[in-house]
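Since the structure comes first, as structure tokens, the remarks are kept for the end.
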Amino acid sequence: MDINRHQDWLINFYKQRDWYDYSPIIRMNFLNEETGELSRAIRAYEIGRDHPGEAAESDEQRLADIKEEMADVLDQVLILSDHYNLSVADLLEQSETKLKQRFNL
């Protein structure tokens, strides 16, 4: 799947549900929430969760949880980047440029 096509689809989906126009401050809260859920999923996969109120999950299910939460984090970043008119290509280029400069590559 192409990330730009997904971003376009995601923006349309959010606009249809009136989720798109939340302020960046609110969107950051959503991003933090999703990051916390990703952290919990990674913890469960790496060291387990010994919680009496939760059924044990297979490694396959725990990995599926990580995938789901990573996608949720990515979606929030894509919505924020659109808010600031930053393309995915801009973000990727910025990442590479910063690392190349920092490490003299």
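Values quoted throughout were computed directly from the atomic coordinates according to the rules given, and no laboratory measurement underlies them. Computed from a predicted model, the values in this text were never measured in an experiment.
Over the residues of the chain, compute the C-alpha Rg and express it relative to 2.2 N^0.38 Å.
On the way: Rg = 16.8 Å, N = 105, 2.2 N^0.38 = 12.9 Å.
Output field value: 1.30.
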Point to revise | aspartates and glutamates with Cα under 15 Å of LYS15, excluding same-chain neighbours fewer than 8 positions away | key: ASP75, ASP82
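Would you be so kind as to identify all helices of the chain, as entire DSSP H runs, whose Cα atoms reach 20 Å or more along the helix's own axis and whose mean Kyte-Doolittle hydropathy is at least -1.0?
Details: long enough: 24-46 (32 Å, -0.43); 59-83 (36 Å, -0.37); 88-102 (21 Å, -0.93).
Taking the DSSP H segments of the chain (at least 20 Å long, mean hydropathy at least -1.0), we get 24-46, 59-83, 88-102.
Given the DSSP H assignment, sum -39500 (n - 2.57) over each helix run of at least 4 residues in the chain and divide by its residue total; what's the result at 222 nm in deg cm²/dmol, nearest 500? Could the numbers behind the result be given before it?
Values: 4 runs with 77 residues, N = 105.
Rounded to the nearest 500, it is -25000 deg cm²/dmol.
Given the convex hull over the Cα atoms of the range 49-105, what projected area results after averaging over all orientations, in nm²?
Working: hull surface 26.9 nm².
It is 6.7 nm².
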